[in-house]
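Below is one structure, written out as structure tokens, with a few remarks after it.
The values are calculated or read from the model by the stated rules, or taken from the named source; none is laboratory data. Model, not experiment: these values are computed from the prediction. Virtual Cβ from ideal backbone geometry, glycine too; neighbours counted across all protein chains shown.
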Amino acid sequence: MRMRTNIELTAALLALGCGGPAAQNGSKLGPTEPAVTDIERYMPLKADTVYAFETSIENSGEQGVLMMHVDRPRANQAVLVVGGRAQRLAIEKQGIRLENGGWLLKAPLSVAAQFKGQFGLVVIRSTDAQVQVPAGRFTGCVETIEESPAVKKRVTTVFCPDIGIVSLDAEGAIGDDFGRERAVLRSYGPRVDINQMPAGK
């Protein structure tokens with residue numbers, strides 16, 4: 001037995017694994033209020049932003065691509081959509097909270113700060129991390145580690161300024177088997193609607 005498939009586990013790391021079907025209304029955010037903390041700088045959640053992650057499973061060598069889309073129905077709410085599933089996030093003064101429980105990122109952004117995550121305790125390991133991924137080299141990033149002995153899982157996530165999540169590493173066990181999966185940012189930017197492109201393009 002091995003860990004869940006690449007897309008399933010990576011989606012869970014992006015707080016999407018427990019979400020419901022994606023909303024169909026295509027709602028977009030109108031005029032917004034300024035961010036109440038600097039948390040949104042490390043997870044901007046801009047409406048209609050699309051992220052592409054290269055994914056890999058260490059044990060099998062399987063590789064793939066994970067697409068994530070951001071919707072902002074309201075100034076204080078965001079919806080992440082991947083693989084037809086969605087997770088709502090509440091944007092609060094303290095940080096960005098998963099509406100089904102736990103925090104994605106929470107103030108203060110200081111080394112050794114702790115908060116409850118989706119499945120375990122999250123600890124901020126660095127606020128000045130550097131990372132090289134296919135999308136580029138980024139500095140001044142926040143690195144978090146979430147782990148729980150009860151579920152035998154450990155997730156390392158790197159959030160970079162004005163971008164959001166740039167890498168995720170998941171290590172875990174099912175029974176006596178151990179596995180590792182990784183997702184790294186390949187590209188990001190506004191969604192392109194080909195129906196709105198000028199003729200001849």
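Summary of computed values
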quantity	calculated
Odd one out for Val79, checked against (1) touching a helix residue (DSSP H, G or I) at 6+ places or on another chain (Cβ under 6 Å); (2) farther than 19 Å from Ser167 by Cα; (3) of a type in the set (Val, Ile, Thr)	(1)
Top-ranked residue in region 181-197 [being at pLDDT 90 or above and touching an Asp or Glu at 6+ places or on another chain (Cβ under 9 Å); ranked as farthest from Phe138 (Cα to Cα)]	Glu181
Positions within region 88-103 being in a strand (DSSP E or B) and surrounded by fewer than 18 Cβ atoms within 10 Å (Cβ to Cβ), in sequence order	Ala90
Pair list, Cβ under 8 Å, 6 or more apart: region 118-129 residue within 13 Å of Glu146 (Cα to Cα), other residue among the basic types (Lys, Arg) and assigned to a strand (DSSP E or B)	Phe119/Lys153; Gly120/Lys153; Val122/Lys106; Val122/Lys116
Index of the failed condition, Lys106 passing every other in (1) under 29 Å from Glu62 (Cβ atoms); (2) of a type in the set (D, E, K, R); (3) in contact with a Phe, Trp or Tyr (Cβ under 9 Å, 6 or more places away or on another chain); (4) crowded, with 17+ Cβ neighbours inside 10 Å	(1)
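Here is a yes/no grid of residues against (1) within 13 Å of the chain's Cα centre (by Cα); (2) surrounded by 17 or more Cβ atoms within 10 Å (Cβ to Cβ); (3) not in a strand (DSSP E or B):
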| site | (1), (2), (3) |
| --- | --- |
| Gln118 | yes, yes, yes |
| Gln130 | no, no, no |
| Thr144 | yes, yes, no |
| Ala150 | no, no, yes |
| Val158 | yes, yes, no |
| Ile165 | yes, yes, no |
| Leu168 | yes, yes, no |
